[in-house]
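Please read the structure below before turning to the comments.
Read-outs: derived from the displayed coordinates by stated rules, not from any lab. Just so it is clear, the structure is predicted and the values come from calculations on it, not from any experiment. Cβ placement follows ideal geometry from the backbone for every residue including glycine, while neighbour counts extend to all protein chains displayed.
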Amino acid sequence: MKLNILDWIALILVIIGGLNWGLVGILSFDLVASIFGVGSLLSTIVYILVGLAALYLLIIAAKLQKKGVMTGQM
């Protein structure tokens, strides 16, 4: 399966979100908030984009599973 540009953007955003949550969990350090400011509009936009990217990848994963791509079936 070839990834298009939207797939790559969503993947990068979800990785950024995952790394940020890892930092929050391990070090109590919110990288997004430290870069853009706690409660700032930019931080909120980043969090929303990460959430939308996760939903997008969830939908893609469901479609792939339905096609049998993720289970090895075709």
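The table that follows gives values for the structure above.
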quantity	calculated
Helix 5-27 vs. the chain, principal-axis angle (Cα, 0 to 90°, nearest 10)	50
Hydrodynamic radius of the chain per Kirkwood, over alpha carbon pairs, in Å	13.7
Efficiency of FRET from Cβ geometry, residue 29 and residue 7, R₀ 35 Å, rounded to 0.05	0.75
